[in-house]
Amino acid sequence: NKKQSMKKFLAEIDVMPKKEILDPQGKAVTGSMKNLGLSEIHNIRIGKHISLEIDADNAETANAKVDQACKNLLANLIMESYSFKLVEVA
């Protein structure tokens with residue numbers, strides 16, 4: 001049975017604005033840090049974290065599928081970069 005041979009993986013994905021892209025939300029939060037007396041905190045960049053589960057035969061296949069999801073849907077590659085960690089779950 002093919003379903004029984006599948007393994008479950010958890011992907012933790014971080015999508016961030018590229019360094020050369022203006023991050024207005026990060027800039028606003030950086031400015032607010034000064035108002036809170038936290039001027040030593042600066043250059044804040046704000047992105048998104050995505051967690052998903054995937055069923056696959058092996059880690060290599062799961063990795064390729066998560067990478068495809070990031071490239072085609074989860075990240076706007078013109079303005080954002082992404083990275084992810086993949087772990088097998090029992």
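The numbers here are math on the coordinates, done by the rules we state, and not lab data. Since this is a predicted model, take the numbers as computed values, not measurements. All Cβ positions, glycine included, derive from the backbone under ideal geometry; neighbour counts span all protein chains shown.
Annotations for the structure displayed:
- The stretch between Glu40 and Asp67 holds 6.2 nm of extra length on full extension. This uses 0.36 nm per residue minus the Cα-Cα distance.
- Cα-based shape type of the stretch 39-83, given that a ≥ b ≥ c are square roots of the gyration tensor eigenvalues and the cut on a/c is 1.5: prolate
- Over the chain, DSSP H runs of length four or greater, each weighted -39,500 (n - 2.57), average out per residue to a 222 nm ellipticity of -8500 deg cm²/dmol.
- Relative contact order %, the chain, counting alpha carbon pairs below 8 Å whose residues are six or more apart: 50
- One equal scatterer on each Cα of the chain, no solvent, Debye formula: the resulting log10 I(q)/I(0) at q = 0.13, 0.17, 0.23 Å⁻¹ is -0.56, -0.76, -1.04.
- The stretch 33-90: GluC sites (Glu not before Pro) in DSSP loop, at most 13 other beta carbons within 10 Å: Glu40
- Between Lys27 and Leu77, the contour length at 0.36 nm per residue exceeds the Cα-Cα span by 15.9 nm.
- Annotation: the residues Val66, Val89, Val15, sorted from fewest to most other C-beta atoms within 10 Å of their own C-beta, follow the order Val89, Val15, Val66.
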